[in-house]
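One structure below.
The values are calculated or read from the model by the stated rules, or taken from the named source; none is laboratory data. Bear in mind the structure is a predicted one, so any value in this text is a computation, not a measurement. Here Cβ is always computed from backbone atoms with ideal geometry, including for glycine, and neighbour counts include all displayed protein chains. Quick note on the areas: whole protein, heavy atoms, side chains included, nothing else; ligands and nucleic acids left out. Shrake-Rupley method; radii C 1.70, N 1.55, O 1.52, S 1.80 Å.
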Amino acid sequence: MAKHDVEVAERGSFSAKDYHDPPPAPLIDAEELTKWSFYRALIAEFIATLLFLYITVLTVIGYKSQSDVKAGGDVCGGVGILGIAWAFGGMIFILVYCTAGISGGHINPAVTFGLFLARKVSLIRAILYMVAQCLGAICGVGLVKAFQKAYYNRYGGGANELSAGYSTGVGLGAEIVGTFVLVYTVFSATDPKRSARDSHVPVLAPLPIGFAVFMVHLATIPVTGTGINPARSLGAAVMYNQQKAWDDHWIFWVGPFIGAAIAAFYHQFILRAGAAKALGSFRSNPSTL
């Protein structure tokens, strides 16, 4: 057999690979609470979110201090908005890569919420993941404040606020669309059907997820400072504790959760044809009428 024929045959065997969707996670899975692997996953989410906030908020404050002309800085100094976006996207790439095999590498309550709606995780796991993420974010920003006390409050503490000149609707829309991009990328990059169908094409899921975070930051830093992660916004707001940050804080929960819900629906029921499958099953079973 010629080499070309071998390659075609191999590709054909990959494309014909059988695949069955994994069963949905149970809504309530109390058995998880008895497993060490579950608590190990919670620790991984806590530490990953702590490290994420520590590096990224330090980057934000460092940039603002280096570019503050009133304090002797250079207006072109520091990493700039591009560098900040790289810090957020790069850390997500690193941390998802490190924790994906332990906890799934969520590091974001909006991601966890979207995966819960898609029945990828149970309600118990989703709630405790969110708690671990929020506590990790608070501790991560707390470390920044402890190490950079002279600069922390002066340069905004990395807190998310609606920028001057933008309406609440614009800020909310930016968070919804930005989180949709992120969570949609998470679903696409981790889709087991895609892995089975395209098993001859290696996919490093953390890479597109990190790039999604990077691109969204480039677009929305001027609008809201880019939340798309309620834990990130909460950790900074708690440590900064200023009225403006708290007044705008609801945007950074409502927007990401709406965006995550839309992404979950779009991927599961439109792209994966979940709605069509459900309708077909309903029509083929007269007893349900």
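General observations
- Distance from region 68-92 to region 205-228 (C-alpha centre basis), Å: 15
- FRET efficiency, 1/(1 + (r/R0)^6) with R0 45 Å, evaluated for PHE265 and ASP74 via beta carbons: 0.45
- Of the residues PHE88, PHE211, PHE93, PHE147, ranked by 1.4 Å probe accessible area with the largest first, the sequence reads PHE147, PHE211, PHE93, PHE88.
- Packing order of peptides 164-170, 233-239, 154-160, highest average first: 233-239, 154-160, 164-170 (average count of other Cβ atoms within 10 Å over each peptide's residues).
- Above-threshold pairs, the threshold being 32 Å between Cα atoms, out of LYS64/LYS120; LYS35/LYS193; LYS70/LYS244: LYS64/LYS120
- Dipole of region 30-270, positive end: most advanced residue of HIS217, VAL69, ILE102 [Cβ charges, Cα centre]: ILE102
- Computed label-point distance, nm, for sites TRP250 and LEU27 using a 7 Å Cα→Cβ extension: 2.8
- Surface accessible to a 1.4 Å probe, LYS120 within the full protein complex, Å²: 90
- Carbon and sulfur %, accessible surface of region 30-270 computed with the full protein complex present, 1.4 Å: 67
- Here the extension length gained between ALA100 and TYR166 equals 20.1 nm, from 0.36 nm per residue of separation less the Cα-Cα distance.
- √(5λ) per eigenvalue of the Cα gyration tensor, region 30-270, largest first, Å: 30, 19, 17
- Rolling a 1.4 Å probe over the protein chains gives ASP21 an accessible area of about 80 Å².
- Net length gained if the chain between ASN153 and TYR39 were fully extended (0.36 nm per residue, minus Cα distance): 37.6 nm
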